[in-house]
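Input: a single structure, listed below in structure tokens.
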Amino acid sequence: MRNRGDLATGYLFVLPVVVSLAVFLIGPIFYALYISFHHFSFLAPDHATWAGLGNYTKLFHDPRFLRALGNTSLYSLGVVPIQIAIALMLALIVDSKIKGKTFFRVVYFLPTVTSTVAVSVMFMYLFKNDGLVNLLLGKLGIPTFDWFNSLTFALPSVMGMAIWTTVGQFMVIYLAGLQDIPQELYEAAEVDGATPWQRLRFITWPMLKPTTFFILIMSIIGCFQVFDQMYVVSKGEGGPQDRTLSVVFYLYRSAFKDFDMGYASAMAFVLFLIILILTVIQRKFFQEETH
Amino acid sequence: MKKKNVITGILATTLAMTALVGCSSSSSSTDSQGSPSSNEKFTLRVGGWSSSPEEQKMLDTQIAGFKATHPNIDVKFEPVVGDYLQKLQPMIASKTEPDIFYLDANVAPDFMDKGVIEPIDDLAQKHNVNFGDYEDAALKAFQWNGKTYGLPKDYNTLALFYNKEMFDKAGITAPPKNWDELRADAQKLTKDGVTGFSISAELPRYQPFLVQAGGSVYADGKATLNNPANATALDFIYRDMMVKDKIAAYPKTLGVDWSGDAFANQKAAMVVEGSWLIPHMAQKAPNVKYGIAELPVKDGGKPSNMIFTVAYALSKNSKHKDDAMDLMAYLTGTEGQKVTVEGGLALPTLKAMGKEYATKYPEREAFVKGASYALPFQYGVVGTKLTDAANKAAEAIVLGAKPDGKSALDEAQSKL
């Protein structure tokens, strides 16, 4: 039974969130959309001029933006599958009947709760030219590189770092998914004489599909929005030679270093569209598979 | 536990109330606009960054000096932690920036061109500030279309730092005077894990060499990175000395962030840096004996240097422009710059104080001399993009992405 009073109380309870979302999230998003059609600088917001689609068309003729988009795509292509594979593997290990489960669970999850900046700085020390990694490689007779400062290895190094940091978070989600799978299925399969691999392939994997879908989307969104690691590793420059320049990073530079907020906003909406399209495609794909 | 909560609650309420009172008092003082001699108390906000405790102490001393003579004005320094421009821009957009704030010469053109800071010519005259007292190159960096937009607080130039012990061991008696000597000395000094010369792959380090060779990167409001004379300097430093001879290295190859650290860790025998390296050495490597010399000059070329300077700019939205001008004049005036000289982190911008600096620190005369033939680190409104492209050009040579200066600079120019 609902009466007016209850309704009012309900609205009153959600009011703080609704207001703060409207003021700090929804409002700014629409304002950013407005800005993206203008030549707009924070230094002279009163003198913004209409640009039409100018900022958007400029994007696709800007070699730096295309480079940033390329870097981001490459980064996502590398990070997402590896991340999911490792997360699943770790989840399976931690879920199995081994000793010290809790210990491993904590260890794998630890990088996730560590600040990205702290992790990046630590990796920079490990991977610098005279750092620990090169020292070890040198002892083993393997060629060494100036990892974060090499045209070839800068991006892969950041990718490795990102995988290491975020894999724990997805492991935990997989772990939850694994524990949702009814034990009867495995018992029945065992009775039918299914091998461990068959159990994984025909029970665990299909039953985890919704979890995988969720992780896939979160992972792709996270990858396309990569910023902090690259910012720290390249000292805010995106170097060497724009090799660690991501879309969000270039957006940040355009807005706050080149004083071109309109252009940066246009970039944000292109990124939004890309992520939206990818998500819609995945949704379609996964729905067809499950039905 | 309960009791503690009550106390916290009371504290929080008191704080909130003080904050409210603070707000109301500052808003009521808006009425006093344009009457600097009013006895009403108010606060002037100073925006800036704080790169070291030493620098912070200097500013505190300067502010205390001002407050002593202006009892009705409270001066509050609001340091920005992190990216200064990122914080400053929204403040300007929302008209809440401090009354006066630091402005780096490199980004000043954007601010001056867009008219977001107050021209100070008239106010300066009213408060007896004579622009002629300031170093020309430093002041010029804050002049735009015939108007002045800031008073430079201090400046820095570049010089060659050399490790005396390493020089002795290699049998070198004097710092290199020209490019040939630089190369020969670097050759001799490169041994036992030490690299002869370290310079970062950045325009604000290599530009003096480029200008010595007759080049320029910015002229008549346009980027001129592809000026044919420019390639000579990049070829000499980055292609020949770094890539071919391996007698020079840029900091990242040596596993450090900037060449100052390479110098402090004794991984490099010579580096090109500003006087900011002096306090760094005192702190990190007090036992390293080093000398400071003017930059080596190309044979037949003219000496060149760069001036890095930061000014106090006046907010357009300040409610107390007259008093803010007073504060600026004090901080950059004789009294304020005495503290700058004492601190020794940067050079004073007043010509008269420059002489005092030179007598107090005779071993640092290279910086003072350098100022006389220096160009400001400033390239109009294309500054950030030009610097970025020029830095990448040098880096491209070091990393082998481009074979020589010409191809690297041509590409850099095409990006602008």
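Measuring r between the beta carbons of A:Gln179 and A:Leu136 and using R0 = 30 Å, the FRET efficiency lands at 0.20. When each full DSSP H helix of chain A is screened for a Cα extent of at least 27 Å along its own axis and an average Kyte-Doolittle hydropathy of at least 0.0, the helices passing are A:63-95, A:154-180, A:261-290.
For peptide B:116-123, the mean count of partner chain Cβ atoms within 10 Å of a residue's Cβ comes to 1. Of all the options B:Leu210, B:Leu399, B:Leu182, the one that moves most in a Gaussian network model of chain B with Cα springs shorter than 10 angstrom is B:Leu399. Karplus-based coupling profile of region B:279-293, in residue order and whole Hz: x, 4, 5, 4, 8, 8, 9, x, 8, 7, 8, 9, x, 10, 10, with θ = phi - 60° in 6.51 cos²θ - 1.76 cosθ + 1.60 and x standing for Gly or Pro.
On the basis of the beta-carbon distance and an R0 of 51 Å, A:Leu25 and B:Glu365 show a calculated FRET efficiency of 0.35.
Taking amide H atoms as placed 1.01 Å from N in the peptide plane, the amide H of B:Ile307 lies under 5 Å from those of B:Leu375, B:Phe377, each 5 or more residues away in sequence or on another chain.
Looking at region B:154-236, none of the chymotrypsin sites (Phe, Trp or Tyr not before Pro) sits in a DSSP loop with at most 10 other Cβ atoms within 10 Å of its own Cβ.
Sparse packing (at most 11 other Cβ atoms within 10 Å of the Cβ) combined with a DSSP loop state is found for the following trypsin sites (Lys or Arg not before Pro) in region A:56-106: A:Lys97, A:Lys99.
Label-to-label distance, B:Ala229 versus B:Asp74, with points set 7 angstrom from Cα along the beta-carbon direction: 5.6 nm.
Under the simplified labelling scheme, the A:Phe227-B:Ala184 pair shows an inter-label distance of 5.4 nm, with each label point 7 Å from Cα along Cα→Cβ.
The stretch between B:Leu416 and B:Lys302, if pulled fully straight at 0.36 nm per residue, gains 38.2 nm over its current Cα-Cα span.
Hydrodynamic analysis of chain A uses the Kirkwood radius over alpha carbon pairs. Inserted into Stokes-Einstein at 10 °C and 1.306 mPa s, it gives a translational diffusion coefficient of 71 µm²/s.
Going 7 Å from the Cα of B:Lys316 in the Cα-to-Cβ direction, what parts of region A:33-76 have a backbone nitrogen less than 11 Å from that spot? Only A:43-48 fall inside the zone, counting backbone N under 11 Å. Coupling constants for region B:140-150 follow from the phi torsions by the Karplus curve (6.51 cos²θ - 1.76 cosθ + 1.60, θ = phi - 60°), and in residue order they are 4, 5, 10, 10, 8, 6, x, 10, 10, 10, x Hz; glycine and proline get x.
Measuring r between the beta carbons of B:Glu165 and A:Thr114 and using R0 = 45 Å, the FRET efficiency lands at 0.60.
For region B:224-295 versus region A:219-251, the inter-centroid distance based on Cα atoms is 27 Å.
Rounded to two decimals, the Cα radius of gyration of the protein assembly as shown over 2.2 N^0.38 Å is 1.12. Rank A:Gly168, A:Leu90, A:Pro63 by how far each Cα sits towards the positive end of the charge dipole of region A:57-290 (+1 on Lys, Arg Cβ; -1 on Asp, Glu Cβ) and give me just the farthest. Among A:Gly168, A:Leu90, A:Pro63, the one farthest towards the positive end of the dipole of region A:57-290 is A:Pro63.
When the alpha carbon gyration tensor of region A:176-291 is reduced to an equivalent ellipsoid, the three semi-axes, largest first, read 44, 17, 9 Å.
In the elastic network of chain A, a GNM with C-alpha springs shorter than 10 Å, the most mobile of A:Val79, A:Val14, A:Val121 is A:Val14. The modelled label-to-label distance between B:Asp60 and A:Gln287, using points 7 Å beyond Cα along the C-beta direction, is 6.4 nm.
Once the Cα atoms are used to define both axes, helix B:405-414 deviates from the longest principal axis of chain B by about 40 degrees. Computed from Cα atoms, the angle from the helix B:203-212 axis to the main principal axis of chain B rounds to 50 degrees. For the Cα atoms of chain B, what angle does the longest principal axis make with the long axis of helix B:383-398, in degrees from 0 to 90, nearest 10? With both axes taken from Cα atoms, the answer is about 30 degrees.
Compute the label zone of A:Phe214 within region A:130-174: residues whose backbone N is under 20 Å from the point 7 Å along Cα-to-Cβ. Within reach of a label on A:Phe214, which here means backbone N under 20 Å from a point 7 Å along Cα→Cβ, region A:130-174 contributes A:166-174. Annotation: amide H of A:Asp260 within the under-5 Å range of A:Ala255, sequence separation 5 or more or interchain, hydrogens built in the peptide plane.
Any read-out appearing in this document is the output of simple, stated calculations on the displayed coordinates, not a laboratory observation. Since the model is a prediction, treat every value here as computed from it, not as a measurement. Virtual Cβ from ideal backbone geometry, glycine too; neighbours counted across all protein chains shown.
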